[in-house]
Every structure is written in C-alpha cells, then in structure tokens.
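**Q** I'd like to ask some things about the structure below.
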Amino acid sequence: MEKIKIYGWNGYKFSAQGVVMVVTPEIGGRIISLSYEGTEIFFVQKEFAGQVLDFSKVSAFRAEKRKLGFRVWGGDKTWVAPQKDWWEGMPPLELDAGSYPESVYDNTITMVSPVCRETGLQIARKVTLNSDGSVHLGQEITNKGNETVYKGIWNVTQLVRPFDVYVPTTKDKLRSYHHEDLSLPDHRIMVDEVNGWCCIPCRDNQLFKFGGMVNIGAIVSLKREDNGTLAFLKTFDIDNDAEYFHQSAVEVFNALDHDYLEVETHASTVCLRPGQACSHGQTWRLKRFPKDVTPDQVFENMTGTTYQGT
C-alpha cells in the first residue's frame, strides 16, 4: 500500500498480481480506480476531479442538493435503496460525497461515513486486496436514527465503456426499466440469452437500464480488445426467497451523457430498528482471456465451479 494523489484527491494505492486499486476516503469512501495490467476499467467524472465537499455547516440539504445537482463522481460506491426515498431524487449527500474517516492495516482499508442527517444511516466499507489479486468488499449500514426504517444495501460500480455485461438469468426474469420509469426512453438494445446468461451490450451512448433476479450471485463483464478479452467478475450472496427493492438483485445502467455503464448489485430488503445493522459482501476478480471467451468459461475458470444455467 502507498499513499498517492489521484485525480486531485488523496488516495491509497494497493497492488497485487497485476491488479492496482486506488481508494479515496474523502469522496464518499469510493474505490476510484481499478486496473489490470495497465488497463483502467473505472469511470471518473473528471470535471469534478479533486473537489472535496464539506457538509459540516450545511443544514438545508434539499437546497444543497439542488445547487450541486446529480453528480456521479465515478468509481465504486455504496448507495442505499430504495431510490424513491432520496430527497430531490439524488443520493444522500453525506453518504455519497462526504468524507469517510479511514483506518488502514496491511492490505485492508476500512472507511466509515458520518451519520447521515437525511437518512439517519451510517455506512461502513471495508476493502481488501488479497495476494491473489482478488478484491473483497464488505458493506454495512447501521440505523443511527430514532425510527425503524426499511432499507437495502445497493452497490454501484461505474465502468468505462465498452463492455458486454452478462447476468445469470433468463430473459423472462430481466426487464427494461423504461416501462416503469418514464425518464428512460425506449431503446434499440437487444438482449441475447445463451446457456443461461443474458448479455446486455453496453457499447455506446444509449440511455437504458435493465434489472431483475438472477439464478446465482454473479455478474460477468467482458471488455473485448484486440489482444484478448478482459473479464471483470463479481460474485455475491443472494436470497431468491427474500424481498428486494426495485424487484431486482442486479441492475445494469448505461449512460447517455458520459462514457460509462453501471454494474449494480442489491442486497435484500431489511427492517432496521434503531441501532441495528445489516451487511453484504462481494468478491471481484480480474483476468485476461482469449477474445472469444464465454461468460460460463470465465465463471468456471475464476471460481472453480460450474454454473448449470438453470
């Protein structure tokens, strides 16, 4: 680990087996950079690079949100579902863009948000880069307020296009959100299903979002290049008998105004009484394969298990 400056922010750089990960606690506890053998896969909204926001003297958060607008910032972050609860339709400021005090030990960094005055919640993110190059992300939300709330952990990772995103489900379990969200237009995206994987191509600046339940906790994102295919695999726990906000355990969003897509995972809905917490973890793996590799080959190679496509 080493301390560095990245995009104007203070960061912690971790490296192992060709994987380089940079974490920036002062901007929402984000993982702001992830690269493999020199290829960066994370998006950053560079017009706001280096900006650090101080909310200690802000009392009118709705007005502050309107002033700042919806900033995506970039990288990987923890949001809180459901989105319909967000003031002004934007993520809670202290959780999304506040400074997270951090502690670092060896190959692990733990970051804890301030207690959010909008939601009464506090987020803790624990990130480890293992010696084999895999990343483990642990996320926890704690209800620091005085009222019982129903929430869900929502992880959002912004990747630089192009990627083809494969989710382990059938087309009848995957839906386009433009039918329920009128801000999303109809689109020309065709989702293909092969061997139990649905492919969502995120290659250009079309605006769309898909979501649904999956058969196993996995997402395979493939970046096909001239010298092969770079695979980014996320694995995580799911419970198909539980309730999920947005009726989805996985979502894929493709942006119109910037060159990124979002690979999103939800934990199940939880009832948090004052003082109670819930957590959710996921593991990331990166590897380069031949250009024609399939998602089931990536999953089997990187996890040692076979997905039967059911």
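**Q** If you count only protein heavy atoms with a 1.4 Å probe, what accessible area per residue comes out for segment 68-119, rounded to a whole Å²?
**A** 38
**Q** Find the accessible area per residue for segment 183-310; the probe is 1.4 Å, ligands and nucleic acids are left out, and the unit is Å².
**A** Normalised by residue count, the accessible surface of segment 183-310 is 45 Å².
**Q** Springs between alpha-carbon pairs under 10 angstrom, Gaussian network model over the chain: which of Arg175, Arg188, Arg125 fluctuates most?
**A** For the chain, modelled as a Gaussian network with Cα springs under 10 Å, the answer is Arg188.
**Q** With no solvent and one equal point scatterer placed on each C-alpha of segment 38-176, evaluate the Debye formula and give log10 I(q)/I(0) for q = 0.09, 0.10, 0.15, 0.20 Å⁻¹, two decimals.
**A** For the requested q values the scattering log ratios are -0.33, -0.41, -0.92, -1.43.
**Q** When Lys and Arg each count +1 and Asp and Glu each count -1, what net charge do the other residues less than 15 Å away from Ser33, Cβ to Cβ, add up to?
**A** Net charge around Ser33: +1.
**Q** Compute the length gained on full extension between Asp239 and Ile4: take 0.36 nm times their separation in residues and subtract their Cα-Cα distance, giving the result in nm to one decimal.
**A** Full-extension gain reported as 80.7 nm.
**Q** For segment 218-304, which trypsin sites (Lys or Arg not before Pro) pass both filters: DSSP loop (anything but H, G, I, E, B) and at most 14 other C-beta atoms within 10 Å?
**A** Loop-located and lightly packed - Lys291.
**Q** Moving on to the next point. Out of Gln139, Pro168, Gly217, whose Cα points farthest toward the positive end of the dipole of segment 106-226 (charges: +1 Lys, Arg; -1 Asp, Glu; placed on Cβ)?
**A** Gln139
**Q** Let's test the formula: R0 of 30 Å, r as the Cβ-Cβ distance of Arg62 and Asn146. What FRET efficiency results, to the nearest 0.05?
**A** 0.90
**Q** Any idea what Rg and Dmax come out to for segment 164-217 if you just take the C-alpha atoms, in Å?
**A** 11.2, 33
**Q** Now for a different question. I need the calculated FRET efficiency for the pair Ala16 and Gln83, taking r as the beta carbon distance and R₀ as 35 Å, to the nearest 0.05.
**A** 0.50
**Q** How large is ³J(HN,Hα), in whole Hz, for each residue of segment 190-202 in order, when computed from phi with the Karplus curve 6.51 cos²θ - 1.76 cosθ + 1.60 and θ = phi - 60°, using x for Gly and Pro?
**A** 10, 8, 9, 10, 9, 6, x, 10, 9, 9, 10, x, 10
**Q** Taking the Cα centre of segment 111-192 as origin and charging only Cβ (+1 Lys, Arg; -1 Asp, Glu), how large is the dipole, in debye to the nearest 20?
**A** In total the dipole reaches around 200 debye.
**Q** Given points 7 Å out from each Cα along the Cα-Cβ axis, report the Ser279 to Asn130 separation in nanometres with one decimal.
**A** 1.6
**Q** Kindly report the accessible area of segment 10-49 per residue (heavy atoms of protein chains, probe 1.4 Å, no ligands, DNA or RNA), in Å².
**A** 31
**Q** With θ set to phi - 60°, apply the Karplus curve 6.51 cos²θ - 1.76 cosθ + 1.60 along segment 288-303 and write out the HN-Hα couplings as whole Hz, x wherever there is a Gly or Pro.
**A** 9, 10, x, 4, 8, 4, 9, x, 5, 5, 4, 4, 5, 5, 8, 10
**Q** Now for a separate question. Which entry is the computed mean projected area of the Cα convex hull in nm² for this structure: (i) 15.6; (ii) 21.5; (iii) 19.9?
**A** Among (i) 15.6; (ii) 21.5; (iii) 19.9, the one calculated here is (i).
**Q** Now, a different point. May I ask for the net charge around Ser268, where only other residues with Cβ less than 12 Å from the Cβ of Ser268 are counted and Lys, Arg are +1 while Asp, Glu are -1?
**A** -3
**Q** Can you give me the C-alpha center-to-center distance between segment 37-63 and segment 233-310, rounded to a whole angstrom?
**A** Taking the Cα centre of each part, segment 37-63 and segment 233-310 sit 24 Å apart.
**Q** Hey, any idea what % of the chain's accessible area is carbon plus sulfur with a 1.4 Å probe?
**A** C and S fraction of accessible area: 46 percent.
**Q** Continuing with this model, one more query. Place +1 on the Cβ of every Lys and Arg and -1 on the Cβ of every Asp and Glu in the chain, take the dipole about the Cα centre, and give the residue among His178, Met111, Ala60 whose Cα lies farthest towards its positive end.
**A** After comparing all options, I get Ala60.
**Q** Run the numbers for Lys291 and Phe70: contour at 0.36 nm per residue of separation, minus the present Cα-Cα distance, in nm.
**A** 75.9 nm
The values are calculated or read from the model by the stated rules, or taken from the named source; none is laboratory data. What you see is a predicted model, and the numbers here were worked out from it, not measured in a lab. Cβ sites come from the backbone with ideal geometry, for glycine too, and all protein chains shown count toward neighbours. Accessible surface areas use protein heavy atoms only, side chains included; no ligands, DNA or RNA. Shrake-Rupley method; radii C 1.70, N 1.55, O 1.52, S 1.80 Å.
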